[in-house]
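The values are calculated or read from the model by the stated rules, or taken from the named source; none is laboratory data. This structure is a prediction, so every number in the text was calculated from the model and none was measured. Cβ atoms come from the backbone with ideal geometry, glycine included; neighbour counts cover every protein chain shown.
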Amino acid sequence: MNYAHVRHLLSLQFAGGKKSRRLDTFRRCRRAKSNPPAVSVFFNHNRQGSFMGHKESFLEHLKIEKRYSPHTIRSYQNDLDQFFSWLSENEMPTTPGEITSHQIRAWVVNLIEKGIAPVSVHRKISCLRVFFRYLRKEGTINNDPLEKVVLPKRKKSLPVFVGEEALDTLLDDYNFGNDFAGIRNRTIIEMLYLTGMRRSELIGLRDSDVDLKEATVKVTGKRNKQRIIPLTKPFTKRLEEYIRAKNDFTATENTNWFFITDKGNQLYDKYVYNTVKAYLSMVTTIEKKSPHILRHTFATHMLNRGAGLNAIKEFLGHANLSATQIYTHNTFEKLKKIYKQAHPRA
């Protein structure tokens, strides 16, 4: 309806209910034109809404059907939120069917310009690949916008690990204390190093998972896959000491979590990270001192002492051997060093 018609209606003097409602509508429209809402906020809200439903169903798919860990699902959620926030900020379409490879490449360039490491860029794009593959399988989109996206090369870095002497110093010479906190923290360090389990797996341990009689621990890994890891005799005695201290500490409280905080609750990611970092800082100067470093250390030390690659794969809970083979590079580097030191022509 044109403005001439609007002006004509406004000039009429009448009391008809239907025409009055039409006039009220026109007046509201004119007021809205003179005081428009913030366009960016309006469009961001609606565009984001077009994506939210797909994201939630995708995350639910990862949780229920794929059985991804909570940590992995949080990573996927964060990567998706970052991507779609960037699209909104740059006024690009956020409806999955409208997203093209040009926008994804532009995001990759933006991440690189911000100094994001290539390995992190690869992880974020991997998240998008899984997301859009899911949407295509569901029939939401017809084409995959990542087919023409080329990623920067990743620098292959060897896993960082702590030397045997450094860990021997920590576990044999350092006094952790005889109270519950000290016994627990030492047991956390030893459990990570002696089994190679992930931080999330350690946090998820329950009392029933630790079998002192059989000297084994049942670990629930990614996608709820379980594996049994043997325990050394000295470490089972350490676990007995921890269990006694835990029972005395919790008194009448009933908790099924094997490792607990000072308040009797289940451990959490940050606590384990800070604990490992604090103790490793006493014996090593390596830059990274996370719980995952103890996993690398477990695998590297086992290989250096003759353990087979397939055995390490089973201990670590890797789905395929290629994920374990990276540790052979550390062993090979050690062999090269020995060769250069020992061979007269090296």
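Can you tell me how many residues in region 90-123 are over 16 Å from PHE51 (Cα atoms) and touching a Ser or Thr at 6+ places or on another chain (Cβ under 9 Å)? Of the residues in that region, 3 qualify. Of the residues in region 92-102, none is in the same structural domain as LYS66 (by TED's automatic domain parsing), under 26 Å from LYS153 (Cβ atoms) and charged (D, E, K, R). Checked against (1) of a type outside the set (Asp, Glu); (2) part of a helix (DSSP H, G or I); (3) within 27 Å of the chain's Cα centre (by Cα); (4) surrounded by fewer than 18 Cβ atoms within 10 Å (Cβ to Cβ), PRO234 meets all criteria but (3).
Regarding region 135-155, can at least one residue be identified that is assigned to a helix (DSSP H, G or I), among the polar types (S, T, N, Q) and either modelled with pLDDT under 90 or closer than 30 Å to ILE286 by Cβ (or both)?
Here is the first cut: in region 135-155, the ones assigned to a helix (DSSP H, G or I) are 135-138.
Still in the running and among the polar types (S, T, N, Q): none.
Scanning region 135-155, I find no residue that is assigned to a helix (DSSP H, G or I), among the polar types (S, T, N, Q) and either modelled with pLDDT under 90 or closer than 30 Å to ILE286 by Cβ (or both), so the answer is no.
Out of everything in region 209-226 that is closer than 22 Å to GLU65 by Cβ and surrounded by fewer than 17 Cβ atoms within 10 Å (Cβ to Cβ), what residue ends up being farthest from the chain's Cα centre (by Cα)? Break it down into steps so the answer makes sense when it comes.
Initial filter on region 209-226 (closer than 22 Å to GLU65 by Cβ): 220-226.
Next, only the ones that are surrounded by fewer than 17 Cβ atoms within 10 Å (Cβ to Cβ) stay: 223-226.
Working: ARG223: 14, ASN224: 16, LYS225: 18, GLN226: 20 Å.
Going through the qualifying residues, I end up with GLN226.
The residue pairs whose first member lies in region 129-153 and is in contact (Cβ under 8 Å) with a residue 12 or more places away in the chain and not assigned by TED's automatic domain parsing to the domain that holds PRO118, whose second member is polar (S, T, N, Q) and in a loop (DSSP other than H, G, I, E, B), and whose beta carbons are closer than 6 Å, counting only pairs six or more residues apart or on different chains, are PRO145/THR100.
The set of residues from region 158-177 being assigned to a loop (DSSP other than H, G, I, E, B) and surrounded by 10 or more Cβ atoms within 10 Å (Cβ to Cβ) comprises LEU158, PRO159, VAL160, PHE161, VAL162, GLY163, TYR174, PHE176, GLY177.
Can you tell me which residue is surrounded by the fewest Cβ atoms within 10 Å (Cβ to Cβ) among those in region 237-285 that are among the small types (Gly, Ala, Ser) and in a helix (DSSP H, G or I)? It would help to see each step written out before you state the result.
The initial filter retains those residues of region 237-285 that are among the small types (Gly, Ala, Ser), namely 245, 251, 264, 278, 281.
Keeping just the survivors that are in a helix (DSSP H, G or I) gives 245, 278.
Working: ALA245: 18, ALA278: 11.
Within region 237-285, the match that is surrounded by the fewest Cβ atoms within 10 Å (Cβ to Cβ) is ALA278.
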